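The values are calculated or read from the model by the stated rules, or taken from the named source; none is laboratory data. Since the structure is predicted, the reported quantities are computational estimates derived from the model, not experimental observations. We place every Cβ from the backbone using ideal geometry, glycine too, and count neighbours over all the protein chains shown. Areas reflect the complete protein model, heavy atoms only, side chains present, ligands, DNA and RNA absent. Shrake-Rupley method; radii C 1.70, N 1.55, O 1.52, S 1.80 Å.
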Amino acid sequence: MTDARTLRRRITRRLPALWIAATLALACCGTTLAAASASSSHAATTGLAGKWKGHYSGAVSGHFTIHWKLTASRLHGNITLSNPQGTYGIGGSVYQGKIKFGAVSVGAKYKGTVRGTSMSGTWTSPQGGGTWRATKVS
């Protein structure tokens, strides 16, 4: 019985150290996962800068080209529309793969998702609304 008591004492003394080690291991894993998630989110948003081409359909249909510049999570640049024809300033934001932007002078608002080199979503304007899709060109 002495051996059993001795073993129990050893385990009882070491148990708090094991709990601390397990807690630290979990905390480190959580921090690593959070950093990896933030890094992949940052990588996704930094890939937005550049030229995108796409089309829109619905109440008004046509093609567009977007030239994005990215500052933190804020987007700015211009969009060239085939209908109504012209080039318009745009601004917006992106967060965790969700994008929102607008061409204020024509009253158009766009929202959707970004995944790699493609993005898509819905748009609204005084003339109605519809869907849009774009692919990164450069």
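Summary of computed values
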read-out: Built amide H within the under 5 Å cut-off of residue 86, gap 5+; value: 81
read-out: Per residue accessible area of region 60-138, 1.4 Å probe, in Å²; value: 57
read-out: Using a Förster distance of 22 Å, the FRET efficiency for residue 72-residue 127 (Cβ separation, nearest 0.05); value: 0.10
read-out: Extension gain from residue 93 to residue 118, taking 0.36 nm per residue of separation minus the Cα-Cα distance; value: 7.4 nm
read-out: Of 107, 130, 97, farthest towards positive along the dipole that unit charges on Lys, Arg, Asp, Glu beta carbons give region 73-138; value: 97
